[in-house]
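Trainee: Sending over a structure as C-alpha cells; questions will come in a sec.
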Amino acid sequence: EKAGFEHFMIKEIHEQPRAVKDTLNSVIHDGVIDLSEMGLSDETIRNISQLYLVACGSAYHAAMSAQYAIEDLAQIPVRVELASEFRYRKMILDEKGLVVVISQSGETADSLAALRKAKSMGIQTLAVVNVVGSSIAREADHVFYTLAGPEIAVATTKAYSTQLIACDVLGVQFAKVRGTIDENHYRELTEELLALPEKIERILQDKERIQWFAAKQAAAHDVFFIGRGIDYAISMEGSLKLKEISYIHSEAYAAGELKHGTISLIEDGTLVVGILTQSSLYEKTVSNLVECKSRGAYLMGLTTYGHYSIEDTADFVIYIPKTDEHFAASLAVVPLQLMGYYVSVARGLDVDKPRNLAKSVTVE
Ligand code: F6R
C-alpha cells in the first residue's frame, strides 16, 4: 500500500505531480478554465464582490498564499480567516461576498461551523474539499473537488498542493471574467499552471541534496522561516511541516517583522530559512538574512534558478524552477516538505503519525 516507499508521507509527496495534474485537468479543457459545473458561471463570478477564505492549519496556509495571488490577479478584495476565529467573531460580511471554506477532510469541526455560519448569514459558499461526500462538501452551495486522492499521513502534502491549485484556478478565472487580465495573459497563466506538475517532478529528483541537509539539521532546537508576501505564506507551511513531525520548535515570520522582537532569539548556529521566490521582494529579504547572519545564524536560502547572488549570503541554497510568481508556493513547498520529512526520519520519529495529532480534527 505504500508502493515501495518507507512512509505514506514520502509516497504522498511523490504523488503531487499526479494530484496537481488531475486537479488541473478536471477544470481546464483545451486550455480553457470552466467552473460552470460547480455553479460558478461567469455571471455568478461577476456578481461576487469579495472573497473570504476560511480554513485551519495547512489549508489556512494555502489560503494565505491564495490571498496574495487572487487579489493581485483579479483585483478583488480577499480576506483570510482562521475557521476557529471566524466562527466566533462578529464579522461584517458583504452579502455579495463568497465564503470559500478550504478543507482536505471536509470534516474539520471549526471549518464546518464557519461554513454553517456563513450560510446562516445568507452568504454564498464554496467548498474546496478533497473527500467526496464529506460534510463540508454536502452543505456548501458550490464544491470544487481537489483530486489528491486519499491522504493517509497526518501531515498534509498532496492535499495542500491541490488546494493551492484550486485557489490559483479561481484567481485566474476571476481575473478573466472581471477583465483584469487580457487573453494573452490568461493563456500564459493557464500554460504556467499546466507546466507545474513537470516542475514539481524535477524538484523531487533533487531530493538527495535535501535529505543530506536535513540529516545535518536533525539536532536543531529552533528554526525560523522568513519571507515576504507569498514567501511569508510558504514560510508558514514550511515551518508547520517541520515542527509537526520533527518536534523541533520552528516559527514563520514575515521577514520585516524580525526586527520587532524575534531577532533576539537568533544565536550562533540557529537555522534561518529564507524563502525568496518573489523577485520584487528578493533584495529586501536578502537584507533580513544578512541581519540574521551577523547575529550568528546559519542560513538556508530557497529561491529560483537565476538568483545566484543568494550564495553570497546563504550557507546552503536550494533552487527551484521559475514559474509565474503567483504560483510559486506550489514549487517552493516541495523542498520544505522533504526537509520536514527527512528531519523526522533522521530523528527516528513516527513520521506518518506524529504524537498528539489526528488526521481529521472533528472536535473544536
Ligand atoms: C498539517 C495538517 C493540518 C490540516 C488541518 C485542516 O499538516 O494536515 O494542519 O491542514 O487540520 O484539515 P482539513 O484540511 O482536513 O480541514
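Trainee: Only one of Gly238, Gly229 is at positive phi, touching a residue at least 40 places away in the same chain (Cβ under 8 Å) and surrounded by 18 or more Cβ atoms within 10 Å (Cβ to Cβ). Can you tell me which?
Mentor: Details: Gly238 fails: at positive phi.
From the options Gly238, Gly229, the qualifying one is Gly229.
Trainee: I'm trying to understand the selection: among the residues of the stretch 299-320, which are in contact with a strand residue (DSSP E or B) (Cβ under 7 Å, 6 or more places away or on another chain), outside any helix (DSSP H, G or I), more than 18 Å from Ala254 (Cα to Cα) and not aliphatic (A, V, I, L, M)?
Mentor: Matches in the stretch 299-320: Thr304, Tyr305, His307, Thr313, Asp315, Phe316, Tyr319.
Trainee: Let me ask something else. In the stretch 246-262, what residues are touching a Phe, Trp or Tyr at 6+ places or on another chain (Cβ under 7 Å) and within 16 Å of the ligand (Cβ to nearest atom)?
Mentor: Ser250, Glu251, Ala252
Trainee: Just the residues that are on the phi > 0 side of the Ramachandran plot, away from the ligand (no atom under 16 Å from the Cβ) and among the small types (Gly, Ala, Ser), please, taken from the stretch 21-78.
Mentor: Gly31, Gly39
Trainee: Residue under question is Ala214, and the condition is that it be within 16 Å of the ligand (Cβ to nearest atom), buried (at least 22 other Cβ atoms within 10 Å of the Cβ) and either at pLDDT 95 or above or not in a helix (DSSP H, G or I) (or both); does it hold? Write out each step before concluding.
Mentor: Numbers: within 16 Å of the ligand (Cβ to nearest atom): no; buried (at least 22 other Cβ atoms within 10 Å of the Cβ): yes; either at pLDDT 95 or above or not in a helix (DSSP H, G or I) (or both): yes.
No; evaluated as a whole, the condition is false for this residue.
Trainee: Ok, one more. Take the residues of the stretch 238-276 that are within 26 Å of Val345 (Cβ to Cβ), in a strand (DSSP E or B) and not β-branched (Val, Ile, Thr): which is nearest to the chain's Cα centre (by Cα)?
Mentor: Ala252
Trainee: Moving on. Filter the stretch 292-318 for residues that are surrounded by fewer than 18 Cβ atoms within 10 Å (Cβ to Cβ) and of a type in the set (Phe, Trp, Tyr); which is farthest from Ala233 (Cα to Cα)?
Mentor: Per the criteria, the residue is Tyr308.
Trainee: Then there is this: Would you mind finding the one in Ala114, Ala153, Ala109, Ala148 that is at pLDDT 95 or above, in contact with a His (Cβ under 9 Å, 6 or more places away or on another chain) and within 12 Å of the ligand (Cβ to nearest atom)?
Mentor: On the way: Ala114 fails: in contact with a His (Cβ under 9 Å, 6 or more places away or on another chain); Ala109 fails: in contact with a His (Cβ under 9 Å, 6 or more places away or on another chain); Ala148 fails: in contact with a His (Cβ under 9 Å, 6 or more places away or on another chain).
Just one listed residue meets the conditions, Ala153.
The values are calculated or read from the model by the stated rules, or taken from the named source; none is laboratory data. Computed from a predicted structure; not experimentally measured. Note that each Cβ is placed from the backbone with ideal geometry, even for glycine, and that neighbours are counted across all protein chains shown.
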